[in-house]
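Step one of this worksheet: look at the structure below.
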Amino acid sequence: MRRFWFPFWYLRRGYVMIRINGCSAERLLSRSAAEGILLREIRPLPDGVTLWVPVGQVRPFGQLCRRYGCRFRLLKKEGFPFLCWRAARHKVMLMGMVLFLLAVPISGLFVWQVEVVGLEGPLQAQVEEFCSQEGLYVGAFRPGCDTGALAEKLLTTFPFLRFASVHVQGTRYTVEVEEKLPEPVVVQESEPAQVVAKVDAVVTEVAVSAGTAAVKAGDVVQRGDMLIDGRLTLRDGEVPVGETLTHAAGRVMGRFEIQWEKSLPFAVEQWVSEGKKAYQILLETAKGSVSFPAPKTEQIRILDEKQLSLPFLTGTLMTYEPLQQQTVVQTEQQLEGALWALAQKQEETIRQTTGNIVNRTIHFSPTLDGLLLEVTWTVEGDIGWTEKIDGIDGGEETKDE
Amino acid sequence: MDRQIGRVVAKGLSLPEEAVLKLPVLTLYGQEEVVMENAKVLLTYTGELLRVRTSDGILLVEGEGLTIEHWKEHTMVVKGKLQKLCWEEETR
């Protein structure tokens, strides 16, 4: 690092390379150094020496040369002052350099990228448009963008948002929003309702307790398709005389697929014990709690806590292990095992909440830095969802009645 | 005599002796660089030999491709392949 920066530091002043001959160079150099002239890179030649002298000290050095009867010749000029002088003769190049140097800090004053995260489709476009109306758009002047006020305005303008925040990372602005979850609509049993499919599935069993079955076992249904109709046709014998609405109910079982994927990297940061024990005393005083000594590591694992009986004080002696962060590289087998454990946990959740698992397909594939597990479960469970006949606001899951 | 007084002063005031007495200080960085403080006069300078007068006598630096990288006032930095550093026997 030092070697890299030193030339730049030196060259800010400008140096001249001088060749001296025709005298005792040693005497001249000793005198020059004693007078405070900085001499650099003195290299011996058969009939003299070459050296670098700062541009500001060339004149006193020249006077000393004359006093000692030395001949000196300027060989090279280097450094920032000479660069500027040379550049001044090439006006276009100089202008280009100045423009470039100015462009870098100026370009940082403007917004280069705006991203809305958390929404999709037309809602995202709506938020993007609102942001640009409020002054957050690509090319906007950054000091004029009040991110806090924009986040508040987003929340007040869009009632469907429950969270809004604007992050700034250099010239990149990320608008992070979260949509409110629809409140569950409880369909009263007295209200007319129908049962619709909540997933794409193959119907395996239909048991209707109220309403008319719209599907039969073996039918392929898509999400939203009617399963049990709440409209009942009134008949007089065989002749339909009218229609009435009822709260459709029943159990419609179906077979459907659930896909799940998870990837893990081979290298992971883990907090590992150093194998040492450390102690910390925590004292509760009238003014608050005091603890000492502070742990030297960021993470610790508490091993034991003992109550201390001290006069006028209550305290705890904590025994802990300091933890150190280490990068642990796992083998493919270990990673497969970890992914499989996660998949089994997911499978258990499905079994408890969704239905019986009748089949599963597993596929491991390598990623750039790890392993990806894709699992498809074929599940047999209740696929019905009660919905008001006059609305599509969602509803409650059908229950066995 | 001056030196003895300097030593007493340095000891009394807890100052480093080399600063008070202007003794030569040599710092070696491997076989490639030597920094000489309190170097007074350069007597001989070739690519293989460097003779420098200090307050303690003449210091000889022998090596290959010796160059004075930096010299200002009494601090000199010599680079090259250093082979020998010694004091020259001087007739006063």
Exercise for the section: Take the solvent-accessible surface of the protein heavy atoms, probe 1.4 Å, and return the percent of it on segment A:268-327 that carbon and sulfur atoms account for. Expected result: 53 percent
Practice task
Could you provide, to the nearest whole Å², the per residue accessible area of the protein assembly as shown with probe 1.4 Å?
Solution key: 63 Å²
Handout entry: Simple Cβ-charge dipole of the protein assembly as shown, Lys/Arg +1 and Asp/Glu -1, about Cα centre, in debye nearest 20
Key = 5880 debye
Problem - P(r) of segment A:7-55 over all Cα-Cα pairs, binned every 10 Å from zero, in whole percent - result: 24, 56, 19, 2
Problem - Cα shape, segment A:113-179, gyration tensor, a/c 1.5 rule - result: prolate
Fill in the blank from the handout: For peptide B:33-44, the mean count of other chain Cβ atoms within 10 Å per residue Cβ is 2
Handout entry: For chain A, diffusion coefficient by Stokes-Einstein and Kirkwood Rh (Cα), 37 °C, 0.692 mPa s, µm²/s
Key = 103 µm²/s
Practice task
Return a whole-number percent for the relative contact order of segment A:304-362, with Cα pairs under 8 Å and 6 or more residues apart as the contact set.
Solution key: 17 percent
Practice task
Could I get the Rg over Rh figure for segment A:142-216? Both from C-alpha atoms, Rh via Kirkwood, rounded to two places.
Solution key: 1.32
Exercise for the section: Let me know the shape class of segment A:241-341, please: from the alpha-carbon gyration tensor, a ≥ b ≥ c as square roots of the eigenvalues, rounded when a/c is under 1.5, otherwise prolate if a/b is greater than b/c, or oblate. Expected result: oblate
Completion exercise
Simple SL model, points at 7 angstrom along Cα→Cβ for A:Leu234 and A:Ile362; separation in nm is 6.0 nm
Fill in the blank from the handout: Two pseudo-spin positions, 7 Å from Cα along C-beta at B:Val9 and at B:Lys40, lie apart in nanometres by 1.6 nm
Handout entry: Packing-based ranking, highest mean first, of A:336-347, A:358-369 given that Cβ atoms within 10 Å are counted
Key = A:336-347, A:358-369
Practice task
Taking Cβ-Cβ under 4.7 Å as the only way to count a partner, pick out the unpartnered cysteines of chain A.
Solution key: A:Cys84, A:Cys131, A:Cys145
Completion exercise
Ranking A:Asn356, A:Val58, A:Val239 by how far each Cα lies towards the positive end of the charge dipole of the protein assembly as shown (+1 on Lys and Arg Cβ, -1 on Asp and Glu Cβ), the top one is A:Val58
Fill in the blank from the handout: Taking Cα pairs closer than 8 Å and at least 6 residues apart, the relative contact order of chain B in percent is 22 percent
Exercise for the section: Anything in chain A that counts as a DSSP H helix reaching 20 Å or more along its axis (C-alpha) with Kyte-Doolittle mean of at least 1.0? List them, would you? Expected result: A:91-107
Exercise for the section: Which order do the peptides A:201-210, A:291-300 take when ranked by the mean count of other beta-carbon atoms within 10 Å per residue, highest first? Expected result: A:201-210, A:291-300
Fill in the blank from the handout: Highest mean packing first, using Cβ neighbours within 10 angstrom, the peptides A:274-285, A:72-83 sort as A:72-83, A:274-285
Practice task
Compute the long axis of helix B:2-12 from its Cα atoms, compare it with the longest principal axis of the Cα atoms of chain B, and write down the angle in degrees, 0 to 90, nearest 10.
Solution key: 70 degrees
Practice task
Return the residues of segment B:58-82 for which accessible area with all protein chains present is lower than in the chain on its own by 40 Å² or more; set the probe to 1.4 Å and exclude ligands, DNA and RNA.
Solution key: B:Ile68, B:Glu69, B:His70, B:Trp71, B:Lys72, B:Glu73
Practice task
Using +1 at the Cβ of each Lys and Arg and -1 at the Cβ of each Asp and Glu in chain B, identify which of B:Ala39, B:Val77, B:Leu15 lies farthest towards the dipole's positive end.
Solution key: B:Leu15
Exercise for the section: Per DSSP H run of at least 4 residues, take -39500 (n - 2.57); add these up for chain A, divide by its residues and hand me the 222 nm value, nearest 500 deg cm²/dmol. Expected result: -8000 deg cm²/dmol
Exercise for the section: State the percentage of accessible surface on segment A:113-179 attributable to carbon and sulfur atoms; use a 1.4 Å probe and exclude ligands, DNA and RNA. Expected result: 49 percent
Exercise for the section: Calculate the length of the line joining the C-alpha centroid of segment B:51-68 to that of segment A:229-290, in whole Å. Expected result: 82 Å
Completion exercise
Rounded to whole angstrom, the alpha-carbon centroid of segment A:314-365 lies from that of segment A:8-52 at a distance of 70 Å
Exercise for the section: Round to the nearest 0.05 the FRET efficiency obtained for A:Phe80 and A:Thr171 when R0 = 22 Å and r is the Cβ-Cβ distance. Expected result: 0.15
Practice task
Mind grabbing the interface size between A and B? I mean buried accessible area, both sides, 1.4 Å probe, in Å² to the nearest hundred.
Solution key: 1400 Å²
Handout entry: Sulfur and carbon atoms: percent of accessible area, chain B [1.4 Å]
Key = 51 percent
Problem - q = 0.16, 0.19 Å⁻¹, segment A:2-84: log10 I(q)/I(0) [Debye, one scatterer per Cα] - result: -0.59, -0.80
Fill in the blank from the handout: Averaged over residues of B:50-57, the number of beta carbons from other chains lying within 10 Å of each residue's Cβ is 1
Completion exercise
Heads up, segment B:24-88 by the C-alpha gyration tensor (a ≥ b ≥ c square roots of eigenvalues; a/c under 1.5 rounded, else a/b over b/c prolate, else oblate) looks rounded
Practice task
First measure r as the distance between the Cβ atoms of A:Lys216 and A:Glu348, then evaluate 1/(1 + (r/R0)^6) with R0 = 51 Å and state the FRET efficiency to the nearest 0.05.
Solution key: 0.95
Handout entry: Inter-chain Cβ neighbour average for residues A:26-35, partner chain, 10 Å
Key = 5
Fill in the blank from the handout: For chain A the mean separation of alpha carbon contacts under 8 Å (6+ apart) over residue count, i.e. relative contact order in percent, is 12 percent
Completion exercise
Taking the dipole of chain A about the Cα centre (Lys, Arg +1; Asp, Glu -1; charges at Cβ), the one of A:Gly218, A:Leu45, A:Gln307 that reaches farthest to the positive side is A:Leu45
Handout entry: Cross-link table A:Lys277/A:Lys306; B:Lys40/B:Lys79; B:Lys11/B:Lys84; A:Lys216/A:Lys345; B:Lys40/B:Lys84, entries beyond 22 Å C-alpha to C-alpha
Key = B:Lys11/B:Lys84; A:Lys216/A:Lys345
Problem - Values of log10 I(q)/I(0), in the order q = 0.18, 0.23, 0.30 Å⁻¹, for segment A:268-327 under a Debye, Cα-only, solvent-free model - result: -0.66, -0.89, -1.20
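The values are calculated or read from the model by the stated rules, or taken from the named source; none is laboratory data. Small disclaimer: the values here were computed from a predicted structure and weren't measured. Neighbour counts run over all protein chains shown; Cβ positions are idealised from the backbone, glycine included. Ligands, DNA and RNA are excluded from the accessible area calculation, which covers all protein heavy atoms including side chains. Shrake-Rupley method; radii C 1.70, N 1.55, O 1.52, S 1.80 Å.
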